[in-house]
């Protein structure tokens, strides 16, 4: 059978590695994968390097869409995906997560009556002001097979009217919902050992001793001057008081918006800071090395939230809500939004009350194998 895999943003490239690896190692005789890169992320450090180090097959197509407003970007992707689906005639289209690439792939497949497989289905922030929330809802409701990484995701789908006891054959009108575990847990386990031998980021950037890892990229934070200023004021306060280095791999978007949305006074404080260490974007293997060696994580990234949990690091989430509610409910992460006082208080809490238990929330590390088996069983 033939599947078309749609990727475009950095997290999707990483997620696709798990499925591509499973196909290569176990299902190469049953599944032919055609990879479409929309070009949503096109920076060398944000995209190209991931194909090299994660051993992902080169994309068969690159739409080279680039950045832009949501409507224009999604429209270009939708047009390109439709042409590819008509040409390739796949048995299914596979999409990941919640980006514009995801919704474009999903809409193109459903309108051409090709079964859609949504990996990371059922996740909800319950905030439709987030474009990602709209994208994931649309994809779920046009999918044939929905693979949720968590029990909460399955519960969310049930509340929205999905029947959990549907019987094959499965279609867009009779979809199948699975609780399968998280393919990013597959990847974190697999690439953790690879990172130990291949990542040189700690030596390269002269990072030693106790440090905090921070990542900031979400446009709701970067594009709001009040929020971005509040985050950096909190980081400076935490690093100065604790005398712990905060390592911040700087996303291109964040770098650009710091120049626009931070006062010159705050930028000068950041530049003069002894403990705030800003470095260029890093690869996935380097991110893992930083996460494994950090004392704490401060992030607005959904993926980094989970990876902090995988590697048993307390996490401050720079968002008002999260799709990964389990890690907050069990006390391993705290929602801070972009509020300076809440960020500082959360840091002080974890400094004095470090979590000791990290329950198994995200499966057994074999989600990709399970997904491939179910695609083979029910599609084509």
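In the same structural domain as residue 100 (by TED's automatic domain parsing), closer than 17 Å to residue 96 by Cα, out of contact with any helix residue (DSSP H, G or I) (no Cβ under 6 Å at 6 or more places or on another chain) and modelled with pLDDT of 90 or more: is that true of residue 7 in this structure?
no
Please identify the pairs in which a residue from region 96-120 that is over 24 Å from residue 184 (Cα atoms) has its Cβ atom under 6 Å from the Cβ atom of a residue that is modelled with pLDDT of 95 or more and buried (at least 24 other Cβ atoms within 10 Å of the Cβ), counting only partners at least 6 apart or on another chain.
Close Cβ pairs satisfying both conditions: 108/81; 109/93; 109/116; 110/116; 114/93.
State yes or no: is residue 255 within 26 Å of the chain's Cα centre (by Cα), in a helix (DSSP H, G or I) and under 17 Å from residue 235 (Cα atoms)?
yes
Scan region 215-229 and give yes if some residue there is in contact with a helix residue (DSSP H, G or I) (Cβ under 9 Å, 6 or more places away or on another chain), assigned by TED's automatic domain parsing to the domain that holds residue 313, closer than 13 Å to residue 294 by Cβ and without any contact (Cβ under 8 Å) to a residue 40 or more places away in the chain, otherwise no.
no
Being more than 14 Å from residue 232 (Cβ to Cβ) and part of a loop (DSSP other than H, G, I, E, B) is the filter here, so list the residues in region 258-293 that pass it.
Passing the criteria: 274, 280, 281, 282, 283.
Quick check: is even one residue across region 252-275 touching a residue at least 12 places away in the same chain (Cβ under 8 Å) and under 25 Å from residue 355 (Cβ atoms)?
yes
Which condition number does residue 39 fail, the rest of (1) free of Cβ contacts under 8 Å to residues at least 60 places away in the same chain; (2) under 18 Å from the mean Cα position of the chain (by Cα); (3) surrounded by fewer than 20 Cβ atoms within 10 Å (Cβ to Cβ) being met?
So residue 39 meets the others, but not (3).
Given the conditions (1) crowded, with 20+ Cβ neighbours inside 10 Å; (2) out of contact with any strand residue (DSSP E or B) (no Cβ under 7 Å at 6 or more places or on another chain); (3) at pLDDT 90 or above, and given that residue 31 satisfies all but one, which numbered condition is not satisfied?
Status for residue 31: all satisfied but (2).
The values are calculated or read from the model by the stated rules, or taken from the named source; none is laboratory data. Keep in mind that this is a model prediction, so the values were computed, not measured. Neighbour counts are summed over all protein chains in view; Cβ atoms, including those assigned to glycine, are modelled from backbone coordinates with ideal geometry.
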